[in-house]
Every structure is written in C-alpha cells, then in structure tokens.
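The values are calculated or read from the model by the stated rules, or taken from the named source; none is laboratory data. Just so you know, these numbers come straight off a predicted model, no measurement behind them. Note that each Cβ is placed from the backbone with ideal geometry, even for glycine, and that neighbours are counted across all protein chains shown. Areas reflect the complete protein model, heavy atoms only, side chains present, ligands, DNA and RNA absent. Shrake-Rupley method; radii C 1.70, N 1.55, O 1.52, S 1.80 Å.
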Amino acid sequence: MNDKYVELFLLNITDALDKSKETKLTKLISEYRLSKLKKFVFREDYLRSFYAECLLRFILCQKLELANSNINILYTKYGKPYIYGENIKFSISHSGDWVMVAISNMPVGVDIERIHHKDTYIIEKIFSSDEKKEIYENFDVSDEKYYELWTLKESYMKFTGLGFQLPLDQCEFKKTSHGYVLENYNQLQFRSFRLMSDYMISVATFVGIYVNTLNIVKPSMIYDYFWRN
C-alpha cells in the first residue's frame, strides 16, 4: 500500500446493540460527547452521534495501539476533532442509517449524505453559477449532481477544519474528464461514489494519496473488541 493513505470505515446504526451492551459502550466515550447526547430528542440522532465516537475510538485504539483511556480527542475552535501529538488524522460524518470515519496519515475530509430531495434554497445560497447550471440541467431526472457537489463541498470544509466558516462561494468545483476538481487548488484530489443506491460519499485529500475500499464495522465488533475478555 502507498505510505500515504486514507482508510474508510462505515457503521450502520440499524445494527444497534441491545440496551445493556449499549450502556457499556457509553463508558468508552468522552464527557464532551455524553453531554451532547443528552440534548438529542430523536433516537436516530442519538445513535449517529453515539456510534460516531465509538467507531472512531475502536479504530484509534487499534491504529495507535493504545488503551481507550489513553485516547484523548480534542477539538479545534471550529469543532474539528484531532489527537494531539500523533501522526493520525481523521474526519467523521453521518447521515441516515450510516456513520462514517476516514482515517489517514495526511489531512482528510469526508462527507456522507442520504439522497432524498434537492433543496432549492441551498442550491441558490451555496452553489456557484456553473454548479447551479449543472444541477438544474439534471433537476427533473436526478438528485445525484446536487448531492455529489454538496458532499464535495462538505468534504473540503472538513478537510480545512473551517466548517461553515469557509466562504462557500469561493469553493467552486469544476467538472473534468476525471471527475470534479476544486478551482485553483490542483494539489487536492476528490473522490465521490455511491453507497448502495441512496447515499453519496465524497473524500477530500492531497493528490497522490491512496483511498482504499470501504470497511464495514458492526457495533457488535466494537463491543467484542473492548469486552471480549
């Protein structure tokens, strides 16, 4: 494998554990995450946030060969999570039934979105004139262009760590024969693909970095890893 890499991990929240095992998993996660979980009204929102950190810790413990108690997840002022002093980068996203984590030894951003309907307000607010043209040309037949461009922008926002502080009107993607590229940023590469028929995923990283296939992790695998003894 290329020594510069991105690994992608997915977990489906519909595979959720029973209540007793889920309660045990709460012992893994940070006080910061626990405080956020208490604010959720809907079960699906709770599970996405809960399993996002469980999945991340499951991966980090193996990659860094550390006990979970030694995994200290910090956050920048814009909310990007990171591990201080370790040569490992990650990005988290979730939508619908899926939680996703991208792990790399280089900066990375990932976004997953469930394809359901286009939002004309968002189209007018965040997309460039050329991007809007491409979306509207396919408006009646497909939501794919909308979600591909939206996840591309989100992946770049997460790559930079700026989130919605990034001026999206300055983040314009152009279609080429090899896919989309970010205008004036030829040192970056972007990859978009469908998960089944109803989810779109985009990954942002530097040119030349190998992006591997998806790894599916079940909640039971996380539970067994930490409580197999």
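Brief remarks on what is shown
- Note that the stretch 69-80 has calculated 3J(HN,Hα) couplings of 5, 9, 8, 10, 8, 10, 9, 6, 5, 9, x, 7 Hz, one per residue in order, obtained from phi through the Karplus relation 6.51 cos²θ - 1.76 cosθ + 1.60 (θ = phi - 60°); glycine and proline are x.
- Measuring nothing but how far apart in sequence close Cα pairs (under 8 Å, 6+ apart) lie, relative to its length, the chain scores a relative contact order of 27 percent.
- Projected label points at LYS36 and THR176, each 7 Å from Cα along the beta carbon direction, are separated by 3.4 nanometres.
- The calculated Kirkwood hydrodynamic radius for the chain is 18.5 Å, given to one decimal from all distinct C-alpha pairs.
- Value of relative contact order over the stretch 83-212, rounded to a whole percent, pairs C-alpha under 8 Å and six or more apart: 26
- Across the accessible surface of the chain, with the other protein chains kept in place and a 1.4 Å probe, carbon and sulfur atoms take up 49 percent.
- Sequence ranges 83-89, 8-14, 151-157, 27-33, ranked by mean other-Cβ count within 10 angstrom, highest first: 151-157, 8-14, 27-33, 83-89
- Taking θ as phi - 60° and the Karplus parameters 6.51, -1.76 and 1.60, the scalar couplings of the stretch 35-48 work out to 5, 5, 4, 5, 8, 6, 8, 9, 4, 5, 5, 4, 5, 4 Hz in sequence order, x denoting glycine and proline.
- Exposure check, 1.4 Å probe, all protein chains in place: TRP227 carries approximately 80 Å² of accessible surface.
- Under 12 Å, Cβ to Cβ, from ASP198 - net charge with Lys/Arg +1 and Asp/Glu -1: -2
- Neighbours of LYS63, meaning other residues whose beta-carbon lies under 10 angstrom from its beta-carbon, give a summed charge of -3 when Lys and Arg score +1 and Asp and Glu score -1.
- Dividing the mean sequence gap of close Cα pairs (under 8 Å, 6+ apart) by how many residues the stretch 1-134 holds gives a relative contact order of 27 percent.
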